[in-house]
Structures are given as C-alpha cells and as structure tokens.
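Comments concern the structure below.
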Amino acid sequence: MNETLEKLGQYGIVPVVVLNDSKDAEPLADALCEGGLACAEVTFRTEAAAESIKIMSEKHPEMLVGAGTVLTVEQVDEAVAAGAKFIVSPGLNSEVVKYCLDKNIAITPGVVTPSEMELAIELGLNIVKFFPAEPSGGLSMIKAVSAPYTMLKFMPTGGINPGNVKEYLKSDKIFACGGSWMVKGDLVDAGDFDKIKELTKEAADIVKEIRG
Ligand code: 3PG
C-alpha cells in the first residue's frame with residue numbers, strides 16, 4: 001500500500017475541512033493535532049483551499065494534509081504545489097487517477113457502484129473512497145460488495161458521525177472514515193477551536209477504543 005495512505009489509515013478518521021478563510025488554517029491545524037488527529041482533507045470547494053493547505057503543512061510538518069473535492073489535473077497540481085500529500089475526489093475520474101498514479105501521488109477517488117469499483121481495480125487502486133456513504137447504503141453496501149471485490153478497502157465519507165463511526169471502524173474492509181462532524185463550518189466561523197479540539201479528541205479516542 002502507498003506509504004502516505006497507510007499512515008492515513010492509521011489515523012482511522014480523517015477530518016473533512018471546508019475553510020472559507022485561510023486565517024483559520026493555523027488554529028484549525030493546531031486543534032486537530034492537539035486533539036490527536038494530525039490529518040485533514042481540505043476540500044477544494046473554496047478559494048482558501050490551496051493557501052490553507054500551505055499554511056497547515058508549513059505550521060505542522062508532521063501533519064498529513066490532503067486535498068479533497070479535486071476534480072481536475074490542474075487542481076492536483078495546485079494542491080500538491082501547496083503541500084498536499086494526498087488527493088481525494090468525490091467520483092472516479094480516470095484522467096485524474098492516472099495523472100496521480102503516474103506522479104506517485106496518493107489518490108482515493110470516490111466510488112459507489114460495482115462498475116466504478118472494477119474501474120478502480122483496473123486502474124491499479126486498492127483503496128477507494130465510498131461516497132456518499134450513508135445515502136449509498138453505508139456499511140451493509142460495503143460488506144455486500146466486498147464479497148467479489150476482496151482486494152478493495154474503503155474510506156466511507158458522507159453521513160458518518162460519532163453514532164455510526166464505531167460500526168464502520170469495526171469492519172476490516174474500512175481503511176478509514178472521513179467526516180466533518182468535528183470541524184463543522186459554524187465552529188470554524190465562530191473561532192471555537194477549543195470545541196473542535198474536544199470533538200477531535202473524542203473521535204481519536206473512538207479509533208483507539210475500536211482499533212486499539
Ligand atoms: C463532504 O462531502 O463534505 C464530506 O463527504 C463530508 O460529509 P459529512 O459532512 O457528512 O461528514
């Protein structure tokens with residue numbers, strides 16, 4: 001397995017971050033690291049994404065910062081130039097996946113259907129995002145498709161919360177779970193980084209409880 005993804009899997013939960021202002025990047029990274037999850041998927045949904053990745057990576061070199069919602073190869077370049085160590089996309093774009101693999105950049109594209117999973121396997125991937133997880137059948141869907149696709153492990157994202165994350169983490173088909181519950185936009189906008197740290201610690205504790 002790609003070394004970067006292996007490290008990401010060890011965190012078990014990957015905070016999915018949407019930052020509207022890069023001034024929040026440093027205190028957010030502080031809160032995540034102090035809370036025990038030194039990783040983040042910073043989504044390319046805002047103008048502040050690339051600058052935020054740069055700040056988080058520079059202030060916390062130990063942190064595994066990646067880019068999410070990456071839809072084009074141009075965004076891959078922008079994200080990697082900013083310091084992103086991994087790329088996440090909501091769907092499977094073969095061009096983006098091949099571009100990353102050619103450059104040895106870790107990528108987890110989103111899949112839902114068996115056909116998309118076969119395409120991921122054909123492209124040489126064994127870790128995929130399962131998105132949007134809960135609306136797409138959640139853990140029972142992942143278990144069902146794992147019968148034929150034994151080589152795949154999943155990063156479910158979308159609708160994961162402290163109430164259901166434990167069941168996901170108990171499954172050996174789950175590589176890590178993505179979620180935004182500990183880094184909600186209203187907490188970031190309010191500058192409530194203490195609360196973010198507290199929720200992050202709770203999430204990190206869940207991973208310890210389930211995975212040891
Ligand atoms: C997203 O699309 O923002 C991610 O899938 C996070 O989903 P969540 O907010 O349901 O955790």
In terms of the charge dipole of the chain, which places +1 on Lys and Arg and -1 on Asp and Glu at the beta carbon, the residue among G163, C33, S52 farthest towards the positive end is G163
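For the chain, what is the mean residue ellipticity at 222 nm derived from helices alone (per DSSP H run of n ≥ 4: -39500 (n - 2.57); sum divided by total residues; nearest 500 deg cm²/dmol)?
-13500 deg cm²/dmol
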Once amide hydrogens are built 1.01 Å from N within the peptide plane, the residues lying 5 or more places from C39 or on another chain with amide H under 5 Å from its amide H are L64
Could you please rank F130, F175, placing first whichever residue has the fewest other Cβ atoms within 10 Å of its Cβ?
-> F175, F130
Backbone HN-Hα couplings from phi across segment 117-122 [Karplus 6.51/-1.76/1.60, Hz, Gly and Pro as x] | 5, 5, 5, 4, 5, 4
Where does each of C177, C100 land when they are ranked from fewest to most other beta-carbon atoms within 10 angstrom?
-> C100, C177
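Defining a contact as two alpha carbons under 8 Å apart and six or more residues distant in sequence, what relative contact order in percent does the chain show?
22 percent
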In which sequence would S146, S94 go, from the one with the fewest C-beta neighbours within 10 Å to the one with the most?
-> S94, S146
Extension gain, R211 back to D77 (0.36 nm per residue minus Cα-Cα distance, nm) | 44.8 nm
About the Cα centre of the chain, how large is the charge dipole given +1 on each Lys and Arg Cβ and -1 on each Asp and Glu Cβ? Please answer in debye to the nearest 20.
-> 680 debye
In whole µm²/s, the translational diffusion coefficient that Stokes-Einstein assigns to segment 3-195, given a Kirkwood hydrodynamic radius over C-alpha pairs, 37 °C and 0.692 mPa s, equals 199 µm²/s
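Each value in this text was obtained by applying a stated rule to the coordinates, not by laboratory testing. Quantities reported herein were computed from a predicted structural model and do not represent experimental measurements. Cβ sites come from the backbone with ideal geometry, for glycine too, and all protein chains shown count toward neighbours.
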